[in-house]
1. Given the -39500 (n - 2.57) contribution per DSSP H run of 4+ residues, what per-residue ellipticity at 222 nm results for the chain, rounded to the nearest 500 deg cm²/dmol?
2. Please count, across the range 436-536, the pairs of lysine residues with Cα atoms under 12 Å apart that sit 8 or more places apart or on different chains.
3. Which far-off residues, 5 or more places away or on another chain, put their amide H under 5 Å from the one on Gly212, with H placed in the peptide plane?
4. Shape call for the range 236-326 from the C-alpha gyration tensor, a ≥ b ≥ c root eigenvalues: rounded (a/c under 1.5), prolate (a/b greater than b/c) or oblate?
5. How many angstrom separate the Cα center of the range 482-540 from the Cα center of the range 202-235?
6. Rounded to the nearest 0.05, what FRET efficiency do Gln9 and Thr490 give with R0 = 56 Å and r taken as the Cβ-Cβ distance? Could you check?
7. Quick check for you: which residues of the range 98-117 have the amide N under 12 Å from the point 7 Å beyond the Cα of His37 toward its beta carbon?
8. How high is the relative contact order of the range 40-126, in percent, with contacts defined as C-alpha pairs under 8 Å that are six or more residues apart?
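Nothing in this text is a laboratory measurement; each read-out follows from the coordinates by a stated rule. These numbers come from a predicted model, not from an experiment. No Cβ is skipped: glycine too gets one built from the backbone with ideal geometry, and neighbour counts run over all protein chains shown.
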Amino acid sequence: MQGLMMDYQLTLTHAFRRAERYFSRKEIVTQTDGEPHHYTYKEWSKRAQQLAHALHKIGVVDGERVATFGWNTYRHLELYYAVPCMGAMLHTLNIRLFAEQLAYIINDAGDKIIFVDGDLVPVLEKVAHQIPTVKLFVIMGNAPYATEKLQPSVDYETFIADQPTTYDWPELAEDTAAAMCYTSGTTANPKGVIYSHRSIFLHSMGVGLADGAALSENDTVLPIVPMFHANAWGFPHAAVMMGSKVVLPGRFMDPLRIAALMQKERVTLSSGVPTIWIGLLSLLDKEQFDLSALRAIFCGGSAVPRALIEGLYRKNIIIVQAWGMTETSPLASVAKLRSYQQDLPLDEQLDIKAKQGTMLPGVDFRVVDIESGNEVPWDNQSFGELQVRGPWIARAYYNDSESDAKFADGWLRTGDVAVVDSDGMVQLVDRTKDLVKSGGEWISSVELEGRIMGHPKVLEACVIAIPDPQWSERPLAYAVPKPDFVGKVTSEEILEFLRPQVAKWWLPDNVVFIDAIPKTSVGKFDKKVLRAQHELGNIV
Ligand code: ADP
């Protein structure tokens, strides 16, 4: 027998209408070169509808790819809803990709229009001759930008001006494609992930869950994760659905501007990769800001170092670790412990917060032995590949013949290696491609990095596997000293510090000091670059 409930379609149009009706006075603030830009959801919704009219007028049809090449701004937020609600698909392009990758992605997606922030015009111009599918460039800026290479082009404000402020949104099926994002390619070539209205709707509900990010109307949310990276972790979509005040950093993501913005707008919730918060913590060591409104910082994208969690705890800032991927919308698991508890030793609490946590309702997982393919026991020791499935997890890549290898028997193979404790809390050990296999045993590069970053003189650390004739692979560590300790810390000192903490054979062969760890386009440590440089003998 079937249930007798309505088959109501879960679409972003529902969220848009809510924001328009219930939250019209709530604010959206964007940091700019000059004074911050302020307006309300009411104006946002009108402009989004003008934008939909303008797109319709130039012939954008269902499913067509409308791309963006921009920072986190109010115009980007208008596109976030206008494009999917009219039935087209928003493709957020990563502004930090190399030209060849960028051209490849635009062509692979078949983008028809690109909305580009004025100051990014020169970056996009580099691929102008390689992207024949693009028929129009819309330039977003507060002053007109001249471009000979991006043609034909029109200014955003001119494009939407004079259009009606109400749009008769189509009734969409919930499985209609809404948005598209390419993986950032930390370990392989970028692949297209296509989100549906339904997946974004359900993911937004997950972001709103008390054990998700608990995002609500009471929040002032500052998504620092770029809107081109996994939909800024879904926070902008969810904020509109929940009616949170939104604060957008524009192109200003240095710790000083971020701290000042948080203080001024009384931000309650923010999100970013660890490198952002490592920078903020260093700043807070030197300068004071009133961040008392902040209830939590969401952090993920790479392992959150325990030393960072503890450092922020000392400043009364709670960091909540989350795990996910572009393919998982991305929020899949969230660490427990939203607040620190008096009756539990701090060390234990930090250990729990350093785990990737518990899967959200709707997300299933299993951990599978890398060699035998059997599920591993939940003993916090046996490790294997983490696999997930659920309503906001991708089931295939766009246009990709290798999809089958990544999606085994209805599960997404994440390429992450994890252990699970008896309560089902997941802790990532490494990525399959980053584990160090020494003498037949695995060494976790992530664990070594976390421990090295616990050394008081170290700012950042990264560990890679290097070939070894005797052991097959050995770990090599790179470290960046804190500014006051440049030239004043030795490899031996770090190894001494590690010795009591890890098995002898885990000790890196050497610790090489460098000025900065190379980062990927989304701010993660770029081990591909370190490995290549090591092979070339540039850094040993
Ligand atoms: P890419 O795979 O190119 O880095 P994504 O941005 O989709 O692109 O990154 C997903 C990956 O980021 C995950 O598979 C995982 O390796 C890593 N990751 C995300 N969150 C965490 C976390 N909290 N701890 C450790 N690694 C994480």
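1. Numbers: 17 runs with 155 residues, N = 540.
Only helices count here, giving -8000 deg cm²/dmol.
2. Details: Lys457/Lys482; Lys457/Lys488; Lys519/Lys527; Lys519/Lys528.
Going through the range 436-536 pair by pair, I get 4.
3. Result for Gly212 returns nothing.
4. Details: a/c = 1.59, a/b = 1.13, b/c = 1.41.
The shape class here is oblate.
5. Taking the Cα centre of each part, the range 482-540 and the range 202-235 sit 33 Å apart.
6. Details: r = 62 Å, r/R0 = 1.12.
About 0.35, to the nearest 0.05.
7. 116-117
8. Details: 95 pairs, mean separation 30.7, N = 87.
Reported relative contact order: 35 percent.
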